[in-house]
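Below you'll find the structure, written out as structure tokens, and then a few comments.
The values are calculated or read from the model by the stated rules, or taken from the named source; none is laboratory data. Because the structure is a prediction, the values reported are computed rather than measured. Glycine gets a Cβ as well: all are built from the backbone with ideal geometry, and neighbour counts include every protein chain shown.
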């Protein structure tokens, strides 16, 4: 039975979708069968990161409404890996309901090792839909106060939804900038304020941004790619270091 992971953030701009896609790619490179569902209706981006935009005909709302078979909306990201993507609707009005998405996931999760769900930023209805069927959550923040406040809100909402396995990802980290800003004494203070156990510290890396914009994220062999791989190992219970050199 596949594990269902929602990737969320309390505010936009944290790099949440990149983290979600990066972790999905890392699982696929470990020969796992992976489904990535984009739930960010009106703001979809996963299709661009994996270069499948030109092939898109159906999205998650078409599956839910019965407008297509499941397999018609599962777009394979690469011939080399078992990574499939489901696009979000182009328009926010086509957002799917939590119960219907959960029903779909219950039907298909035996077919995959991992199902990752990219949630919209914030704690609105799209987040509820994305998190409703999740076993695990990764909450993505930047090391700054507004982002951490958003994380606290997400954490509380996940608690009310009984998602118990919730981990913290600090993304787009630059040590020099962090020290110059002087907002926190150290990373431990950031983690304490977020109130979640850290699973990854991902450095700012322009190469990852470029690969996403080119639709070539599966070709990512940067330091961030190695950290995404470490995240997958930690999710699977392997004891590997959380913090790499930054």
Scope segment 43-62; condition out of contact with any strand residue (DSSP E or B) (no Cβ under 7 Å at 6 or more places or on another chain) and not in a loop (DSSP other than H, G, I, E, B); matching residues: 48, 49, 53, 54, 61, 62
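Which residues, counting only those in segment 146-177, are more than 21 Å from the chain's Cα centre (by Cα) and at pLDDT 95 or above? I'd like the intermediate steps shown before the answer.
Step one: of segment 146-177, the residues more than 21 Å from the chain's Cα centre (by Cα) are 175-177.
Hits for segment 146-177: nothing passes.
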Test: residue in segment 32-49 that is at pLDDT 90 or above, out of contact with any helix residue (DSSP H, G or I) (no Cβ under 6 Å at 6 or more places or on another chain) and under 19 Å from residue 204 (Cβ atoms): no
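Quick one: which residue in 217, 187, 226, 168 is touching a residue at least 40 places away in the same chain (Cβ under 8 Å) and either surrounded by fewer than 17 Cβ atoms within 10 Å (Cβ to Cβ) or under 24 Å from residue 113 (Cβ atoms) (or both)?
Details: 187 fails: either surrounded by fewer than 17 Cβ atoms within 10 Å (Cβ to Cβ) or under 24 Å from residue 113 (Cβ atoms) (or both); 226 fails: touching a residue at least 40 places away in the same chain (Cβ under 8 Å); 168 fails: touching a residue at least 40 places away in the same chain (Cβ under 8 Å).
The conditions single out 217.
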Candidate set from segment 190-214 (those that are touching a residue at least 40 places away in the same chain (Cβ under 8 Å) and assigned to a strand (DSSP E or B)); member that is farthest from residue 231 (Cα to Cα): 203
Residue match in segment 34-54 (condition: at negative phi, surrounded by fewer than 18 Cβ atoms within 10 Å (Cβ to Cβ) and over 16 Å from the mean Cα position of the chain (by Cα)): yes
Residue 103 being under 20 Å from residue 58 (Cα atoms) and without any contact (Cβ under 8 Å) to a residue 12 or more places away in the chain: yes
Filter result (in contact with a helix residue (DSSP H, G or I) (Cβ under 7 Å, 6 or more places away or on another chain) and under 20 Å from residue 24 (Cα atoms)) within segment 90-112: 101, 104, 108
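Within the bounds of segment 58-76, is there any residue that is under 26 Å from residue 206 (Cβ atoms) and surrounded by 20 or more Cβ atoms within 10 Å (Cβ to Cβ)? Talk me through it step by step, then tell me what you get.
Pass one, segment 58-76, residues under 26 Å from residue 206 (Cβ atoms): none.
Checking segment 58-76: not a single residue is under 26 Å from residue 206 (Cβ atoms) and surrounded by 20 or more Cβ atoms within 10 Å (Cβ to Cβ).
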